[in-house]
Amino acid sequence: MKEYRIGIDLGGTKIEAIVLSSDSSEHFRKRVPTPQHDYQATLDAVVGLVADAEAALEVNNIPVGIGIPGTVSRKTGHVKNANAVWLNGQPMQKDLSERLQRDVKLTNDANCLAVSEATDGAGSGYEIVFAAILGTGCGAGITVKGLPLVGPNGVAGEWGHNPLPWSTDHELQRRPCYCGKMGCNETFLSGTGLVKSYEMATGEKLTGAEIAQRAAAGQAAAVRVVDDYVDQLARGLSNIVNALDPDVIVLGGGASNIAEIYQRVPKLLPKYVIGGECDTPIVQAKHGDSSGVRGAAWLNPL
């Protein structure tokens, strides 16, 4: 008999559910819009997706894991740091466990990326996986032997809100972050940061994909911006290698599609890593946009 796991990826604009079996096969997938600024309606949407999944499979009490754009405070059990701000301060894990009548696993969505890629993705077979999202924001998660590392403050892997190393004061002051600080990695290394860099250099606002296309075609401004981005990414990741020394670094999100990253960043890392050596593989996420929802399903070990 197959064992199933339900994963829920709760984002700011959509909530997606998936059902995986122990062989990593997908048996159900559905997404609905995220109710905006309505906590109870958000709970209803999650509960509804679980009911739809169980009805489709004709199985009850399937374990549920949920990735959210925030984290759970160990002190209070309430959500904090969520950009879906109506979740903040709410006992979401407790509320969903009560409504679904089972233990619900709840963690940061970047942790779900790391779990997914460590379980059956690009990080499979590695003991310590650092997985970063280079998308609208710049979150990251860490797994050790396939399990998420969360930490006593719930912020393990929050690499996006460290300052980019070896940047000038002038560079840092030009990069305000929503967290209230200046010069966070997120303001440089996210897809949004790449777009901002090009706009600051040229006055023109393009998508990250368009910038990469222009760079590949040899447009001088785009080439300079991508060159800077690759160097900035190497600097940002060198801090992770120096502090954690993971067995593999997995990159997801839109900016992870820049092919030059995987040839050039490994060559630059020894310049910034203490000791002048770095053999850490840097690979692209295998499951792409599905990594978050798949990782949420794997929060409940088989």
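The values are calculated or read from the model by the stated rules, or taken from the named source; none is laboratory data. Because the structure is a prediction, the values reported are computed rather than measured. With ideal geometry, Cβ positions are generated from the backbone for all residues, glycine too; neighbour counts draw on all protein chains shown. The accessibility values were calculated without ligands, DNA or RNA, using every heavy atom of the protein model including side chains. Shrake-Rupley method; radii C 1.70, N 1.55, O 1.52, S 1.80 Å.
Compare ASN81, ASN242, ASN111 in a GNM of the chain, Cα atoms joined below 10 Å, and give the one with the largest fluctuation.
In the Gaussian network model the winner is ASN242.
Take the solvent-accessible surface of the protein heavy atoms, probe 1.4 Å, and return the percent of it on segment 182-302 that carbon and sulfur atoms account for.
50 percent
If you place +1 on the Cβ of every Lys and Arg and -1 on the Cβ of every Asp and Glu, how big does the dipole about the Cα centre of segment 97-185 come out, in debye to the nearest 20?
So the dipole magnitude of segment 97-185 works out to roughly 180 debye.
Please compare each pair in LYS105/LYS145; LYS14/LYS145; LYS105/LYS286; LYS105/LYS205 to a cut-off of 28 Å on the Cα-Cα distance and tell me which ones are over it.
Too far apart for the 28 Å limit: LYS14/LYS145; LYS105/LYS205.
Give the long-range amide H neighbours of GLN284: residues separated by 5 or more places, or on another chain, with amide H under 5 Å away, using H modelled in the peptide plane at 1.01 Å from N.
Sorted by chain and number, the residues that satisfy this are LEU251.
Of the beta bridges DSSP finds with both residues in the chain, what % are antiparallel, to the nearest 5?
Looking only at bridges with both residues in the chain, the antiparallel portion is about 60 percent.
If I model a spin label as a point 7 Å beyond the Cα along the Cα-Cβ vector, how far apart are those points for TRP166 and GLU98 in nm?
5.3 nm
With θ taken as phi - 60° and the coefficients 6.51, -1.76 and 1.60, list the Karplus ³J(HN,Hα) couplings across segment 211-225 in order, rounded to whole Hz; mark glycine and proline as x.
Calculated HN-Hα couplings, in order: 4, 4, 5, 5, 5, 4, 7, x, 5, 4, 4, 5, 4, 4, 5 Hz.
Could you order peptides 65-72, 46-53 by the average number of other Cβ atoms within 10 Å of their residues, highest first?
65-72, 46-53
What accessible area per residue comes out for the chain, rounded to a whole number of Å², with a 1.4 Å probe?
Spelled out: the 1.4 Å probe surface of the chain, per residue, equals 45 Å².
Could you size up the charge dipole of the chain around its Cα centre, putting +1 on the beta carbon of Lys and Arg and -1 on that of Asp and Glu, and report it in debye to the nearest 20?
Here the chain has a charge dipole of around 420 debye.
Suppose each label sits 7 Å from its Cα in the direction of the beta carbon; what would the GLN219-GLU127 distance come out to in nanometres?
Placing both labels 7 Å along Cα→Cβ, they lie 4.6 nm apart.
Once phi is turned into ³J(HN,Hα) by the Karplus curve 6.51 cos²θ - 1.76 cosθ + 1.60 with θ = phi - 60°, what whole-Hz value does each residue of segment 241-257 show in order, with x for glycine and proline?
5, 5, 8, 10, 6, x, 6, 7, 10, 10, 10, x, x, x, 5, 5, 7
Computed from these coordinates, which is Cα extents along the principal axes in Å: [x] 65, 39, 38; [y] 57, 39, 39; [z] 63, 50, 34?
The calculated read-out lines up with [y].
Can you give the calculated 222 nm mean residue ellipticity of the chain, where each DSSP H run of n ≥ 4 adds -39,500 (n - 2.57) and the sum is split over every residue, rounded to the nearest 500 deg cm²/dmol?
Per the formula, -11500 deg cm²/dmol.
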